[in-house]
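Structure record follows, encoded as structure tokens.
Derivation of every value follows stated rules applied to the coordinates shown; laboratory data play no part. Just so it is clear, the model here is predicted, and its values are computed rather than measured. Reconstructed Cβ throughout: ideal geometry from the backbone, glycine too, with neighbour counts over all protein chains shown.
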């Protein structure tokens, strides 16, 4: 492994949910409603993972994604036929990367001292489908040395066990947690990594600023407003 390990979250960090919104627009013919359903779907998806962690239960992320979609449809009073629901589930397996991803990965590929992995709540199958369906990610498959899925642990982010499993997968012990740099657009993920001693770069594309108060003393190691911003952070760490 390299001197620094970059662990990239995939949903909401490398991959955008715009494809889901686009398909919902087609079905509903209503932009505002489509966005409301998509946002509600994502909210319940994450809430379900938190609930499952708290209850000591586990369902795969594929099951969580389907169940939260059905909840979102009921919650917003939206009716879709089974074929449309299956289409949305299939769309989740071919989400499109954010526009800033390709250039950032191209630049990071030049750093021989960096090892990169994907670290996700998604199952290996879901992640593989997203990578294979994306021209950008499939062209950079060799950049990612491994895919680390919480499915092996049967817990979800931000449970400490999943970050400890990540460390094990990249060959780092408890005293070497700081060598691992999580890259995520999700504040709960950033807090989870920092909680176990990892470094974490928050990709704040909305420029919302850090306001998370779950653990008031826990903050990102660095904040960037586009994925390419992590290049300068890593250069500084490597003294380049």
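The order of the peptides 113-125, 58-70 by mean Cβ neighbours within 10 Å, most packed first, is 113-125, 58-70. One equal scatterer on each Cα of the chain, no solvent, Debye formula: the resulting log10 I(q)/I(0) at q = 0.07, 0.11, 0.13, 0.17 Å⁻¹ is -0.22, -0.56, -0.79, -1.35.
At 0.36 nm per residue, minus the direct Cα-Cα distance, what do residue 133 and residue 211 gain on full extension? Give it in nm, one decimal, please.
The span from residue 133 to residue 211 would gain 24.6 nm if fully extended.
Taking other C-beta atoms within 10 angstrom as a stand-in for reagent exposure, 189, 212 fall in the order 212, 189, fewest first.
The relative contact order of the stretch 18-92 comes to 38 percent, based on Cα pairs under 8 Å that sit 6 or more residues apart. Spin-label model, residue 51/residue 84: points 7 Å from Cα along the beta carbon direction are separated by 2.4 nm.
Each listed q (0.14, 0.15, 0.23 Å⁻¹) maps to a log10 I(q)/I(0) for the stretch 18-92, found by the Debye formula over equal Cα scatterers with no solvent: -0.42, -0.47, -1.01. Between residue 195 and residue 70, the modelled label-to-label distance comes to 2.9 nm, taking each label 7 Å out from Cα in the direction of the beta carbon.
The helix-based estimate of mean residue ellipticity at 222 nm for the chain, built from -39,500 (n - 2.57) per DSSP H run of four or more residues and divided by its residue count, is -14500 deg cm²/dmol to the nearest 500.
Fewest neighbouring Cβ atoms within 10 Å first, the residues 89, 198 line up as 89, 198. In terms of the Cα gyration tensor, with a ≥ b ≥ c the square roots of its eigenvalues, is the stretch 121-240 rounded because a/c is under 1.5, prolate because a/b exceeds b/c, or oblate? Because its axes are fairly even, with a/c under 1.5, the stretch 121-240 counts as rounded. Placing a label point 7 Å from the Cα of residue 22 along the Cα-to-Cβ line, the residues of the stretch 64-101 whose backbone N sits under 20 Å from it are 84-101. Computed over the chain, relative contact order equals 24 percent, with contacts defined as Cα pairs under 8 Å that lie 6+ residues apart.
Can you give the % of DSSP beta bridges in the chain that are antiparallel, to the nearest 5?
In the chain, DSSP labels about 10 percent of beta bridges as antiparallel.
In plain terms, the residue of 179, 217 with the fewest other Cβ atoms within 10 Å comes first and the most crowded comes last, giving 217, 179.
Given a Förster distance of 30 angstrom, what is the FRET efficiency for residue 161 paired with residue 3, based on the Cβ-Cβ distance and rounded to 0.05?
For residue 161 and residue 3, the calculated efficiency is 0.70.
Relative to one another, the C-alpha centroids of the stretch 49-119 and the stretch 184-240 are positioned 20 Å apart.
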